[in-house]
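This report refers to the structure that appears directly beneath it.
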Amino acid sequence: MSNLGLIGSADAASILQCSRREVTRLVERGVLTPAMKLPGTRGAYLFDPVEVERVAAERTPQEVTR
């Protein structure tokens, strides 16, 4: 975890029980909102853990097993 209290995609994926690619898909679909994106074309997303937990609580069992 960073000093800002934000987490990266790997930690978000662990909380959401999905792959890091699925985390990116959730961002692209507007389901998960990143707190910030690091610079560059391949800059990493950083997430507020509260936002990730919110999305995790809303996911159905079918969505988790995909």
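A few notes on this one:
- Filtered by the rule that a residue be more than 14 Å from Arg59 (Cα to Cα) and open to solvent by less than 50 Å² (accessible area, probe 1.4 Å), the range 3-26 gives Gly5, Leu6, Ile7, Gly8, Ser9, Thr24.
- For the range 27-41, a residue qualifies if it is without any contact (Cβ under 8 Å) to a residue 12 or more places away in the chain and within 15 Å of Glu58 (Cβ to Cβ), and the qualifying residues are Arg29, Gly30.
- Residue count for the range 36-60 under the criterion of being touching a strand residue (DSSP E or B) at 6+ places or on another chain (Cβ under 9 Å) and either surrounded by fewer than 17 Cβ atoms within 10 Å (Cβ to Cβ) or not aliphatic (A, V, I, L, M) (or both): the result is 9.
The values are calculated or read from the model by the stated rules, or taken from the named source; none is laboratory data. Here the structure is a predicted model, which is why all the values come from computation and not from measurement. Please note: Cβ atoms are built from the backbone with ideal geometry, for glycine as well, and neighbour counts cover all protein chains shown. When the accessible area is computed, the model is the full protein with side chains, heavy atoms only, and any ligands, DNA or RNA have been set aside. Shrake-Rupley method; radii C 1.70, N 1.55, O 1.52, S 1.80 Å.
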